[in-house]
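What follows is a single structure, written as structure tokens, with notes after it.
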Amino acid sequence: MYLKALVDIPDVSGKIVSQKKKDSTYIFYEYDRVYDPDRKYNVPKRAVIGKLSPDDERKMYPNGNFLKYFPTAELSHINRDVSRSCCLRIGSWLVIRDIISHYGLSDLVEDAIGRDAWLFLDLAAFSIVSENNEGQYYPDYAYNHPLFTQDMRVYSDSKVSEFLSTMPRRCSVEFLNNWNAKRDHREKIYISYDSTNKDCQAGDIEMLEYGHLKSGKGLPVFNFSVAYDKTNRVPLFYEAYPGSIVDVSLLQYMLEKAKSYGYRRCGFILDRGYFCKSNIQYMDGCGYEFIIMVKGSKRLVSELVMQQKGSFEIDRSCFIRGHRIYGKTVKARLFADDGKDRHFHLFHSTALEHSQRSSLELDLEKMERLLEKYRMRPVILPDAYEQYFELYYNEQDNVLVHWKERADVIQQELSLCGYFAIVTSEKMSAQDAIDLYKSRDSSEKLFRSDKTFLGNRSLRTYSQQSAEAKIFIEFVALIIRNRIYTLLKDEMERMDKRPNYMTIPAALKELDKIEMVRQYDGVYRLDHALTKTQKTILKAFGLDSDSVHALTVTISDTLGGKPAAAVHSGGGKHGKN
């Protein structure tokens, strides 16, 4: 992110290098030299600190790295040349303000960060409303929205960059400690835990590594995981770690973290990526229950499926309404030396069977076309071909001569299409098991909203500290957005119809049509009465026309120079936390 400010190119002899790329010239700063024993000379370590001004070759537009290596450089922090819009969009801000009050987030963030807590909350609101995490666009959002900062002060992108680059990691640690301390640890809860990975368009980020990409462009990535309280529908904590670490190896560290936060009476809902013997034994040792998905093609599960095949797939007493599948529960041991019987919930879905069969047949056709293409030619094929075909080669030059389908293997896989299993450590029905596991949809929606609606598919930052700060802000934004999603969903379930304006993007867009206009006397006033749609959306948050009018007076007073109304207390259905 390049700041909207011009600075002199640093005069550091032998340390500044320029490099032209397409239409731009970038300024590099040599911050270190590392001796390479193989090449037997020092290798310079450089970072981009700015982009050359097209109008003055002595000046440049700095980025976050410039602030890191030249911290004493003077930049104008307050965006004084940008006046506030005469029309403020207040609806989404009122809802976010109410949720901040409900969770007591302002106190938690202030305790962790200090005087810049209000800018932090504004950045979280910006990412929710604008669906963007690029700090350079924050002033555009601040121009026409109310703010949490003192007197709703509009800060520039250079202030945002400096704020992110100077936020120590202890701030997020302290917030997570206090946030989890507020939970009711006597309550039995189920925690859904899942992870994703993201790339970062940046330079010196320690946790960026090449790893197993779940999506992306083949760039170095970092992993981001969230523990979500399914019982109370709220995110609990997050982790960001190097991209080369696989999911299965991280679970035990997460369990220790959950224990340190005081969670003892809980179970974990896990994806099949966390399934391994050591993880199961570790959860047993911690006294945690678990619900975990296992592929139907796994040897143990496939044996159980073949034993039970035909006993429940059309038995109406095994039909699970709401999911349109059939299920049956049996007891078995996960491993040969497993000390406990586990509950295996076997399921069959006709729709899944058709989908998996079609997919397998299509894959086999593609493989055969490729085999035909390389007949009588030297080729090295992936292992999947060996799984489904017997391949015959000319041993001298590895030329593919002939192949034959492994009919028994394909027939076995076709017979398992449509089956899957969920394993639980505690006794429950197949209905309860699938209901609990499907509740993972909430955490999966968190990741989708994080990447799609908070602009966090890729971080755009230049230092490890800025990246950690952005991830911290992202987590707080997830807490707020998740609450918006939950309340809208609950309200929609109470309605006879399912209107399309009750999704988060549509609702926020509609709420932003609630505007305050600065009139001739300089006072901001509500422009017009609320519409029926706006009243319906606000009802989900316990807000109505009276509460909106009361808050508009607070906004008007603040912009008139009076102190900002504290976000510690708020109206709505939440009240004071």
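The values are calculated or read from the model by the stated rules, or taken from the named source; none is laboratory data. These numbers were taken from a predicted model, which means no experiment stands behind them. Neighbour counts run over all protein chains shown; Cβ positions are idealised from the backbone, glycine included. Surface areas here come from the heavy atoms of the whole protein model, side chains and all, with no ligands, DNA or RNA. Shrake-Rupley method; radii C 1.70, N 1.55, O 1.52, S 1.80 Å.
I'm trying to understand the selection: among the residues of segment 263-307, which are polar (S, T, N, Q) and crowded, with 17+ Cβ neighbours inside 10 Å? If the condition is that a residue be polar (S, T, N, Q) and crowded, with 17+ Cβ neighbours inside 10 Å, then ASN279, SER302 are the ones that fit. Residue count for segment 524-543 under the criterion of being among the aliphatic types (A, V, I, L, M), under 15 Å from ILE90 (Cβ atoms), assigned to a loop (DSSP other than H, G, I, E, B) and under 26 Å from the mean Cα position of the chain (by Cα): the result is 0. Screening ASP546, ASP521, ASP496, ASP490 for residues that are farther than 20 Å from PHE126 by Cα, acidic (Asp, Glu), more than 29 Å from the chain's Cα centre (by Cα) and at pLDDT 90 or above leaves exactly one candidate, ASP546.
Here the condition is being at pLDDT 90 or above, among the small types (Gly, Ala, Ser) and open to solvent by less than 80 Å² (accessible area, probe 1.4 Å); of SER101, SER24, it holds for SER101 alone.
Screening LEU526 on (1) closer than 19 Å to LEU147 by Cβ; (2) at pLDDT 90 or above; (3) open to solvent by less than 30 Å² (accessible area, probe 1.4 Å) shows it passes everything except condition (3).
In the condition set (1) without any contact (Cβ under 8 Å) to a residue 40 or more places away in the chain; (2) within 24 Å of the chain's Cα centre (by Cα), ASP229 is compliant with all but (1).
Yes/no per residue for (1) in a strand (DSSP E or B); (2) free of Cβ contacts under 8 Å to residues at least 24 places away in the same chain; (3) open to solvent by 40 Å² or more (accessible area, probe 1.4 Å); (4) touching a Phe, Trp or Tyr at 6+ places or on another chain (Cβ under 6 Å):
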residue: PHE312; (1), (2), (3), (4): no, no, no, yes
residue: ALA336; (1), (2), (3), (4): no, yes, yes, no
residue: LYS340; (1), (2), (3), (4): no, no, yes, no
residue: ALA351; (1), (2), (3), (4): no, no, yes, no
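Give me a count of the residues in segment 104-123 that are open to solvent by 10 Å² or more (accessible area, probe 1.4 Å) and small (Gly, Ala, Ser). Qualifying residue count for the region: 2. ARG89 falls short on exactly one of the conditions (1) modelled with pLDDT of 90 or more; (2) more than 32 Å from the chain's Cα centre (by Cα), and that condition is (2). For segment 27-57, give me each residue that is open to solvent by less than 50 Å² (accessible area, probe 1.4 Å) and in a loop (DSSP other than H, G, I, E, B). SER53, ASP56 - these are the residues of segment 27-57 that are open to solvent by less than 50 Å² (accessible area, probe 1.4 Å) and in a loop (DSSP other than H, G, I, E, B).
Among the residues of segment 58-69, write down those that are assigned to a loop (DSSP other than H, G, I, E, B) and surrounded by 15 or more Cβ atoms within 10 Å (Cβ to Cβ).
Kept after step one, since they are assigned to a loop (DSSP other than H, G, I, E, B), are these residues of segment 58-69: 58, 63.
Once the filter is applied, which keeps residues that are assigned to a loop (DSSP other than H, G, I, E, B) and surrounded by 15 or more Cβ atoms within 10 Å (Cβ to Cβ), segment 58-69 yields only ASN63.
Beta carbons closer than 9 Å, at least 6 apart along the sequence or on distinct chains, pair a first residue in segment 462-478 that is closer than 19 Å to GLN136 by Cβ and touching a residue at least 24 places away in the same chain (Cβ under 8 Å) with a second that is among the β-branched types (Val, Ile, Thr) and assigned to a helix (DSSP H, G or I) for ALA477/ILE128. Just name the residue that is least open to solvent (accessible area, probe 1.4 Å) out of those in segment 124-168 that are in a loop (DSSP other than H, G, I, E, B), in contact with a Lys or Arg (Cβ under 8 Å, 6 or more places away or on another chain) and more than 30 Å from VAL553 (Cβ to Cβ). My answer is ASN133. Scanning segment 1-26 for residues that are of a type outside the set (A, V, I, L, M, F, W, C), in contact (Cβ under 8 Å) with a residue 40 or more places away in the chain and in a strand (DSSP E or B) yields one hit, ASP8. Here is a check on your reading of the model: is LYS198 surrounded by fewer than 17 Cβ atoms within 10 Å (Cβ to Cβ) and either in a helix (DSSP H, G or I) or modelled with pLDDT under 90 (or both)? No, not satisfied.
Apart from one condition, LEU346 fits all of (1) open to solvent by less than 50 Å² (accessible area, probe 1.4 Å); (2) closer than 28 Å to GLU405 by Cβ; (3) modelled with pLDDT of 90 or more; (4) of a type outside the set (Ser, Thr, Tyr); the exception is (2). Candidates are the residues of segment 378-408 that are part of a helix (DSSP H, G or I) and surrounded by 13 or more Cβ atoms within 10 Å (Cβ to Cβ); the one that is farthest from the chain's Cα centre (by Cα) is TYR388.
So that you can scan it fast, the table gives a plain yes or no per residue for (1) under 28 Å from the mean Cα position of the chain (by Cα); (2) on the phi < 0 side of the Ramachandran plot:
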position	(1), (2)
LEU270	yes, yes
GLY287	no, no
PHE290	yes, yes
SER317	no, yes
HIS343	no, yes
GLU353	no, yes
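Within segment 554-561, identify whether any single residue is at pLDDT below 95, under 33 Å from the mean Cα position of the chain (by Cα), surrounded by 13 or more Cβ atoms within 10 Å (Cβ to Cβ) and more than 30 Å from GLU239 (Cα to Cα), and answer yes or no. Yes, segment 554-561 contains at least one residue that is at pLDDT below 95, under 33 Å from the mean Cα position of the chain (by Cα), surrounded by 13 or more Cβ atoms within 10 Å (Cβ to Cβ) and more than 30 Å from GLU239 (Cα to Cα). With respect to the stated conditions, LYS497 is part of a loop (DSSP other than H, G, I, E, B) and more than 21 Å from HIS102 (Cα to Cα). Please name all residue pairs, on different chains or six or more residues apart, with Cβ atoms under 6 Å, provided the first residue is in segment 489-512 and is more than 17 Å from SER92 (Cα to Cα) and open to solvent by less than 70 Å² (accessible area, probe 1.4 Å) and the second residue is part of a helix (DSSP H, G or I) and modelled with pLDDT of 90 or more. Listed pairs, sorted by first residue: MET492/MET502. Does segment 474-484 contain at least one residue that is of a type in the set (D, E, K, R), farther than 14 Å from LEU123 by Cα, at pLDDT 75 or above and in a helix (DSSP H, G or I)? Within segment 474-484, one or more residues are of a type in the set (D, E, K, R), farther than 14 Å from LEU123 by Cα, at pLDDT 75 or above and in a helix (DSSP H, G or I).
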